[in-house]
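To keep things clear, I will list the structure first and then write my remarks on it.
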Amino acid sequence: MLSLHCAATDETRQIINRETLKTMKPGAILINTARGALVDSQALTNALNNGVIYAAGLDVVDREPILPDNPLLTAKNCLITPHAAWLPKDVRERLVNLAAENLYEFLHNGTRNRVDLEG
C-alpha cells in the first residue's frame, strides 16, 4: 500500500505516473488523500484497468469537482470519495475543540502554536 500525504509542488506534481506505477507490485493499493495533482489520472486509470496495480482509493482528483467524463470513475477497483476525509463526527468534534482551545489561549496570552516566542 502506498498512501500519499504531501503537498502539490512543482517537484511532486504527477509524482505517481506511468513510470512510478510500473515499479509497484500487482497487488498494490494507492491511497491519495493529499492532492489530486500528485497523480497522473490517465496513467492510474490505465494501471488499474490493466492490472498493473490492484486498487486505488482517492479522496482527491486532479480536477475538482470531478468531471463526469473522468476516466477514473469507470476504472477497475477505484473508489473515489468527495474530498471529505474530515467528515466523520469525531473529526469535526476534534476540529471544534482545537479551535476553541486555540481561541482561549489567544485571549489569555497563551503560547500555544506561537512561532515567535520572543515577540
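Each value in this text was obtained by applying a stated rule to the coordinates, not by laboratory testing. Bear in mind that the values here come from a model prediction, so they are computed numbers and not experimental data. For neighbour counting, all protein chains shown are included, and Cβ atoms are generated from backbone atoms with ideal geometry for every residue, glycine included.
Summary of computed values
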quantity: Most to least packed among 10-23, 45-58 [average Cβ atoms within 10 Å]; calculated: 45-58, 10-23
quantity: Order by protection proxy (mean Cβ within 10 Å, highest first), peptides 102-108, 69-75; calculated: 69-75, 102-108
quantity: Spherically averaged projected area in nm², based on the convex hull that wraps the Cα atoms of the chain; calculated: 10.1
quantity: Average Cα contact separation per residue, the chain, under 8 Å, 6 or more apart, as relative contact order %; calculated: 21
quantity: Per-selection metrics, the range 24-65 (Cα): Rg and Dmax in Å; calculated: 10.1, 30
quantity: Residue 80 long-range amide H proximity, modeled H, under 5 Å; calculated: 58
